[in-house]
Amino acid sequence: MSRAIGQYGRQNPSPRNWLMASLDRYNHKKAFIQEQIRIFKQPFKPSSKWLTPKKHKDREGDEDDDNAIPPSVINSVVVRLNTANKKQYLQTFSHQSVRQLLEQLQSLYDQKRRDALLGRIRVERLEDFDSLSWIDSFPSQWPIDEGYEYEQSKLERYATLRSQVCKLVKDYIKMKQRYENYKSLNDLVAPLNKRNIQQNLITRNAPIVNEITRMRIFVPRLLNTLQKHEEYLRRKRARKSEKRGSEQDISTMAVVKGLFNSRE
């Protein structure tokens, strides 16, 4: 977003806000014109005095109402008048003509706004000021227009203020980054303050420490038992293999003796 800074430091609204304000003005003008058209389109209604016949007195004092207009004639004229007016209103106040009128009004307003912004600087506008891009949009030195006299003190003051603001923004960005780091650390430590987490903290008498101590005693015993069991199984397998070997030797000797005996 951007904004304009004038000679006296006044700030114009950002494009988004200006667009919303322009749309509000357009709708307001449109509503006003439509209300006026609605009033114009109201059918003409004659006064009750017109519909009441008046009695006139002649020179002799007798009342005479022969010259009074009959109500039927008045009603007929009023109906024709309203019909003609309705056709005229439809031609004059059409949607296209209303839109053209609103566009002309908006064009005149925009032209006045452009004329008011002549000689100003367009700069970037950020709501959170987390970047230096908006301050970089300000020129380091105030632009000097030909044919306009500037006070040197004001030009120097502008350059000084710009450098001060730039320094403040840099400090602000550093402080905000530091704040974000501290906030992330706080979010990591906050769950440790819960009661259901305290029992899992590594302290001298914590349950987890006692469990680890017990495991240090039981694990060597378990390993020793498993080792003894493994040696027992190994010896058992060795005895079985030796027994099978001796049985095979005995059977072989019996076969050899049988062969010798058969030859004899």
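The values are calculated or read from the model by the stated rules, or taken from the named source; none is laboratory data. It should be emphasised that the depicted structure is a prediction, and the values quoted were computed from it without experimental measurement. When we count neighbours, we look across all protein chains shown, and the Cβ atoms used for this are built from the backbone with ideal geometry, even at glycine.
Output the residues belonging to segment 41-89 that are among the basic types (Lys, Arg) and either closer than 30 Å to Glu103 by Cα or modelled with pLDDT of 80 or more (or both). If you could, list the steps in order and put the result at the bottom.
Just the residues of segment 41-89 that are among the basic types (Lys, Arg), to begin with: 41, 45, 49, 54-55, 57, 59, 80, 86-87.
Scanning segment 41-89 gives Lys41, Lys45, Arg80, Lys86, Lys87.
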Residue pairs meeting the criteria (Cβ under 8 Å; at least 6 apart or on separate chains; first assigned by TED's automatic domain parsing to the domain that holds Gln42 and among the hydroxyl-bearing types (Ser, Thr, Tyr), in segment 65-90; second surrounded by 10 or more Cβ atoms within 10 Å (Cβ to Cβ) and modelled with pLDDT under 85):
Tyr89/Ile37; Tyr89/Phe40; Tyr89/Lys41
Kindly provide the set of residues from segment 187-210 that are surrounded by 10 or more Cβ atoms within 10 Å (Cβ to Cβ), at pLDDT 65 or above and in a helix (DSSP H, G or I), ordered by number.
Leu192, Pro207, Ile208, Val209, Asn210
Only one of (1) at pLDDT 85 or above; (2) under 30 Å from Ser22 (Cβ atoms) does not apply to Glu127, and that is (1)
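Which one of these is of a type in the set (D, E, K, R) and modelled with pLDDT under 55: Arg38, Arg25, Arg10, Arg16?
Details: Arg38 fails: modelled with pLDDT under 55; Arg25 fails: modelled with pLDDT under 55; Arg16 fails: modelled with pLDDT under 55.
Step by step, each of Arg38, Arg25, Arg10, Arg16 is checked, and only Arg10 is of a type in the set (D, E, K, R) and modelled with pLDDT under 55.
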